[in-house]
Structures are given as C-alpha cells and as structure tokens.
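Take a look at the structure set out below.
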C-alpha cells in the first residue's frame, strides 16, 4: 500500500487528491479554526510526499532532473515559511496532472503474447512408419511429418505427398486458402484446411517464419522510445531559471517571502497540465466517432504521419468474396444456368468460394437444387450430380479456347479469382469472384492527399489483384507479394528517410507492420485480436472514412498543446514579475497559479467541439 502511494498508483492518488482538495477548502475558509493543526498539512502529506520521493529518486539514483524537483523546492520553501495553503495547492495540482497523464497513457501492447499463442505446440512426426506426436520444438530439419485437415502446420517445410488448401492469412493476409501440392512450401503457423499431406521439415521451430515474426515484433517494441513530457524535457532549465529568479528577487529586495512566492508561481503545473488535458479531450472526441486511441503517445505519433500504408484485404476491401460474373461458354447454357449449377454443386462445400457462390444464388430468392454423389478434392474442387448431370466446379486441367481465355484473363487482371464449371467433363462456363471494395475508399484516399499524407498499398496478394484495387482506390504507390517482414521493411525504409508511416490493417499478418510502423491503426470490427493489440488506434466500426478526421484532429491537438505551453509560460513569467515586485503573496500567487491551470484545462476542453465533416 505504501509503495503504491509513493509510486502514484492511480486509484490511491485519486483518493489522496479528493481528500486533499477538501482539506485545502477547509484551510482557506478557516472552517476548522478550533483545530490547532492547519488542514493544509493533509494535502502536503498526501500529495506532496510522493513528489518529494520521486524528485529524490530522480536526482540520487537516476541522476536525472525532472519537474518534480522544482515542485519539491517550492513545497519545502512554502511549508518552511508557514505558507501551507500554497504548498498544498501546488502539490494537489501536480497530482491531478499525474492522474491525467496516467489516464491518457496506454498500457503496453499485448500483440507479442498473442503471436506467441499462435506457435504450434505439437507435430505428427513419422518414425519407423508410424506417427508419433512430439513437441514442435523437437522437430529436426529433414524429419517427415503428417498434417491432417484443420491442424496448424508446425514448422516450415515442403510438401512431398498430397494435395491441400492452406489458410495463409496469418502470414500474407490473402482472403482465400491457397492450393498446395507436392513440391510446394508451407509455413509454420498457417492452417491446413482441406486435405491431409506429408511434408519434410526445412527449418526447425526456432527458425520458422512465425518465430522470426515474433522476434521482429519484440525488436519493434523495444526500439520505440517513450515520449518524454515537455516539462520533464526542459526540467533542468526550469529549475535553474526558477532558482535564479528567486535568488535575484531575494538579493534585490531582501524579502525572503517574495523569493518563496517566485518559487510557488514558477511551478510548472499549468505547463504539466498542457499536454494531458489536450490529449484527453482529443481521445474523448475521437471516441464519439468510433475511434479508440490507445494513449497520448499514440495520439502524438498519429499527428506526425506523412504516409498511410493500407493493407488490401479487409481494409480497403470488405474481406468478403462476392461473385463478380457468371459467364457461359456453351450455347446450351445461359449465364444464370452456370450460377445455378455451380451453387447446387457447392452447397455442401465449406470453401469460401463455394459459400460465396451459394450466397449470390440465394440473393436471387431461388431454391438450390438437390444433388447426389457430392465429393470434394483438396486443391481441385467439388463434384456432384445435378439433375442427372455430373457438375464439377474448380480448377481446369487443360488449356482454354482463345475467346474463353481472353474473358478469364480480363477478370484475373482486375484482381478476381476464377473457377470453372464443367458438365459431364465438358467446360460450359466460369465464375469470377472478387473481394468488394469499400465504397468510401477512393474518397478517403483523396482527403488524405489533401492533408499532405501519401496513401500506399502493402499487401501479400499478387501484383494483378493489388494493382486493380489500388487503381480503384486512387493509390499510386503499390507494394505486392509481401510477407509480414517485407511490409515492415518497406515501412522502415520510409521512416529512416524521416517520413513517418502509419500502417492500417486488420489481420494477424499486419501485426508486425502495425507494431513496427511509426503509428498503427487496426480495423476493430473484423480485425484480429493481435492486430488490434498491436495498433495505436482502432476503428471500432471499420469506418476508414474517419481516417482524414483522425489525422486532422490529432494535428489540432498538438497545436493546442503548443498554445497551452506558450500561454502557461507567459502566465508564469508574469507571475514571477508580480511576485518580485511584491504584488503577489504566496497565497495570492497560488491563486494566480490556479488561473493558469484553469486556462489550460478550458482551452483543451474546446477540442471536444471538433466535428468530423
């Protein structure tokens, strides 16, 4: 309990501040004259002692001068000369500032812990013709492993037998499972969706892609320097100037009380309140629009952003496949027939493509036909009998005719995925599916450009899909086929040039970039827990059209902080002059001191009036 009090634990500090405020009111009104001890001593003890201890530790153990030192000098001088109300008032305002700073500073992200939880625990190693379940860290390079549907792939390796579809969203952010067959590589932490296969371990667990991501995330967190408050940054000069002014006043006037008054009014309480009050107002304003800013440090970082790097799937797009086109390639069937037959064949499929086809057909309000002999082959597609016809939906094994190939290529160049529909082994049509662009993406990027922020696209998807989405969204800078560490490298390159980069993403694969960027914004509705924990701000409703407001508002907050600091310094220097002239006593100086603090708080509160156009 004592330790928590001396270290300004927020709950205890709040209780001390409330009790101290009451004691100061009783002191200045003289409501307890019958008591021999001035109630202001309660405020001095409850709020002042932690400040004295903090200043002592800073000077003796950390060899660092902070704002607490100047406050401590004023406290001791005021108490020693019997100006107890002044001492208590200064201590109370300092602790209120401490509470506001605690409220506006966020806790450390938990993204690394979430990434660690993705690490596979066990692996099925084949030894002497039998499967043996062992801890993943015991798998050695060259070991042969078996992976069944639904399992997380334990190590990086190469498939030597079997066909499957792997969910690689953890690493690449791709919205669709990727088909894999013998000779293809697979990564630790990705999920085997549909087929069993045998693989060879190429890298041990400690050197896997997932572990490299975890190590990079830790480095990114460690390399983030904490933001020091302006008062602490300039504390040494403040102490020197304050003591010099007090000394000059004492020497010139031979009045020790004037010197004490100078120390009281010079205390940087308004200066300390300048930042947390504005930050608190900014965070509160953003919350009204569904934006959660995690800390004051996060808000400051967002205000400096020069480039906004967007992930594709789930950020610029909705992360949901929709049928873009169902096209017949056979005169005996219409476009509607292609969608009807494909929906019937896919109705028992768990694959995202099958679900999207069935959802599109269901929107027409028609009932899907019954089928028989349904079968699914991993990495190839589905087959079923529909009204006596064997319908197959999936990959094509042979070349397409020229006209059909041209139509399919047109869809692929626009970023779509194509599946082919066959009837009794004959190609009759294809269905193109694409992720849906957010309606407000082009307007958002246009507004960001007006703010002087350059939008970029960083995605694990192929160049064709990335280019199509970027063109629709109005983004010129496109980086495709990126692994998580590649995204981080691109961001780091711009940061090193002095261009602060904000990463905006939603998936596990974005967590590394979110943590490594100068600032990170996660999609709160569809975003993964890891992405959200890695981010500095969260769009609770996935509303990217709020981004221009967010960046503009954070810049206004920082401008308001600078105004507060300048005005608080002017008020302090005026108070020093009036104190030196003898026009202010320690008590009236403390009240003047309060005026500066009130101005800072009111000026910051005006930020709550900011609106999103």
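The values are calculated or read from the model by the stated rules, or taken from the named source; none is laboratory data. Since the structure is predicted, the reported quantities are computational estimates derived from the model, not experimental observations. All Cβ positions, glycine included, derive from the backbone under ideal geometry; neighbour counts span all protein chains shown.
In the set 294, 258, only one residue is buried (at least 19 other Cβ atoms within 10 Å of the Cβ), over 31 Å from the mean Cα position of the chain (by Cα) and either closer than 20 Å to residue 518 by Cβ or modelled with pLDDT of 75 or more (or both); that residue is 258.
When the residues of segment 476-494 are filtered to those that are touching a helix residue (DSSP H, G or I) at 6+ places or on another chain (Cβ under 6 Å) and not in a helix (DSSP H, G or I), the one that is nearest to residue 352 (Cα to Cα) is 480.
Can you name the residue in segment 582-613 that is farther than 24 Å from residue 28 by Cα and in a loop (DSSP other than H, G, I, E, B) and, of all such residues, is modelled with the lowest pLDDT? Out of the qualifying residues, it is 613.
When segment 371-380 is filtered for residues that are free of Cβ contacts under 8 Å to residues at least 24 places away in the same chain and either assigned to a helix (DSSP H, G or I) or more than 18 Å from residue 163 (Cα to Cα) (or both), the ones remaining, listed by number, are 372, 373.
Candidates are the residues of segment 42-67 that are out of contact with any helix residue (DSSP H, G or I) (no Cβ under 6 Å at 6 or more places or on another chain) and in a helix (DSSP H, G or I); the one that is surrounded by the fewest Cβ atoms within 10 Å (Cβ to Cβ) is 60. Of the numbered conditions (1) within 30 Å of residue 476 (Cβ to Cβ); (2) buried (at least 23 other Cβ atoms within 10 Å of the Cβ), residue 323 satisfies every one except a single condition; which is it? Tallying (1) within 30 Å of residue 476 (Cβ to Cβ); (2) buried (at least 23 other Cβ atoms within 10 Å of the Cβ), residue 323 fails exactly one: (2). Quick one: is residue 510 closer than 25 Å to residue 541 by Cα and in contact with a helix residue (DSSP H, G or I) (Cβ under 7 Å, 6 or more places away or on another chain)? Judged against the criteria, residue 510 is a match.
Among the conditions (1) modelled with pLDDT under 85; (2) assigned to a helix (DSSP H, G or I); (3) touching a helix residue (DSSP H, G or I) at 6+ places or on another chain (Cβ under 8 Å), residue 120 misses just one, which is (2). Given the condition at pLDDT below 90 and over 25 Å from residue 178 (Cα atoms), answer yes or no: does some residue in segment 379-397 qualify? Yes, segment 379-397 contains a residue that is at pLDDT below 90 and over 25 Å from residue 178 (Cα atoms).
The lone criterion from (1) modelled with pLDDT under 85; (2) assigned by TED's automatic domain parsing to the domain that holds residue 512; (3) assigned to a helix (DSSP H, G or I) left unmet by residue 461 is number (3). When segment 398-433 is filtered for residues that are in a strand (DSSP E or B) and modelled with pLDDT under 85, only 417 remains. Taking helices (runs of 4 or more DSSP H) as the structural unit, those lying wholly within segment 247-344 and holding at least 3 residues that are within 30 Å of residue 502 (Cα to Cα) correspond to 269-288, 296-303. Would you mind stating whether residue 590 is touching a residue at least 24 places away in the same chain (Cβ under 8 Å), farther than 30 Å from residue 448 by Cα and assigned by TED's automatic domain parsing to the domain that holds residue 274? Yes: the conditions hold for residue 590. Considering every residue within segment 337-349, establish whether at least one is on the phi > 0 side of the Ramachandran plot and at pLDDT below 90. No: zero hits.
State all residues of segment 435-444 that are crowded, with 18+ Cβ neighbours inside 10 Å and at pLDDT below 85; if no residue qualifies, say none.
Once the filter is applied, which keeps residues that are crowded, with 18+ Cβ neighbours inside 10 Å and at pLDDT below 85, segment 435-444 yields only 435.
Close Cβ contacts (under 6 Å, 6 or more residues apart or on different chains) running from residues in segment 137-156 that are over 9 Å from residue 120 (Cα atoms) and outside the structural domain of residue 182 (by TED's automatic domain parsing) to residues that are crowded, with 19+ Cβ neighbours inside 10 Å and at pLDDT 90 or above are absent.
Is it true that some residue in segment 351-369 is in contact with a strand residue (DSSP E or B) (Cβ under 6 Å, 6 or more places away or on another chain), assigned to a helix (DSSP H, G or I) and over 30 Å from residue 506 (Cα atoms)? Within segment 351-369, not a single residue is in contact with a strand residue (DSSP E or B) (Cβ under 6 Å, 6 or more places away or on another chain), assigned to a helix (DSSP H, G or I) and over 30 Å from residue 506 (Cα atoms).
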